[in-house]
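Report on one structure; see the data block that follows.
The values are calculated or read from the model by the stated rules, or taken from the named source; none is laboratory data. Nothing here was measured: the structure is a model prediction, and the numbers come from that model. We place every Cβ from the backbone using ideal geometry, glycine too, and count neighbours over all the protein chains shown. All accessible areas refer to the heavy atoms of the entire protein, side chains included, with ligands and DNA or RNA removed. Shrake-Rupley method; radii C 1.70, N 1.55, O 1.52, S 1.80 Å.
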Amino acid sequence: MADQEESKSATATAKPKQLPGTKPGKKPPQMLPPWKVLLHNDDKNDQVFVIVTIMELTPLKEQDAKLRMLEAHETGAALLLVTHKERAELYQDQFQTKGLTVTIEPAE
């Protein structure tokens, strides 16, 4: 009778099942191609407004935002940041809603 009780209390362990559509040894996802986000100079926006907008829409702090604004003011354009295409397009749209000109281009 003791043997019967032991066999009833034993638990089976199942092997982890592979998800359908996955292959063992599949390569991890690759990095997305980088895109540049470029701020262009204009004659209509106040410099302080440009700095505040850069800080508001990007992770850049005040000092970096000021440097980018000055570079765009003096040379015509400044590299704000590099990111993947979808985020670059989002930045472009957000800056356009604030009245600033930003373009994007492949970084490679």
For Leu81, all conditions in the list (1) hydrophobic (A, V, I, L, M, F, W, C); (2) part of a loop (DSSP other than H, G, I, E, B); (3) within 15 Å of the chain's Cα centre (by Cα) hold save one; what is the number of the exception? (2)
The number of residues in segment 35-64 that are part of a loop (DSSP other than H, G, I, E, B), at pLDDT 95 or above and either exposed (fewer than 14 other Cβ atoms within 10 Å of the Cβ) or under 22 Å from the mean Cα position of the chain (by Cα) (or both) is 5
The number of residues in segment 88-108 that are part of a helix (DSSP H, G or I), open to solvent by 70 Å² or more (accessible area, probe 1.4 Å) and in contact (Cβ under 8 Å) with a residue 12 or more places away in the chain is 1
In the set Leu32, Leu67, the lone residue that is at pLDDT 75 or above, open to solvent by 80 Å² or more (accessible area, probe 1.4 Å), closer than 24 Å to Pro106 by Cα and in a helix (DSSP H, G or I) is Leu67
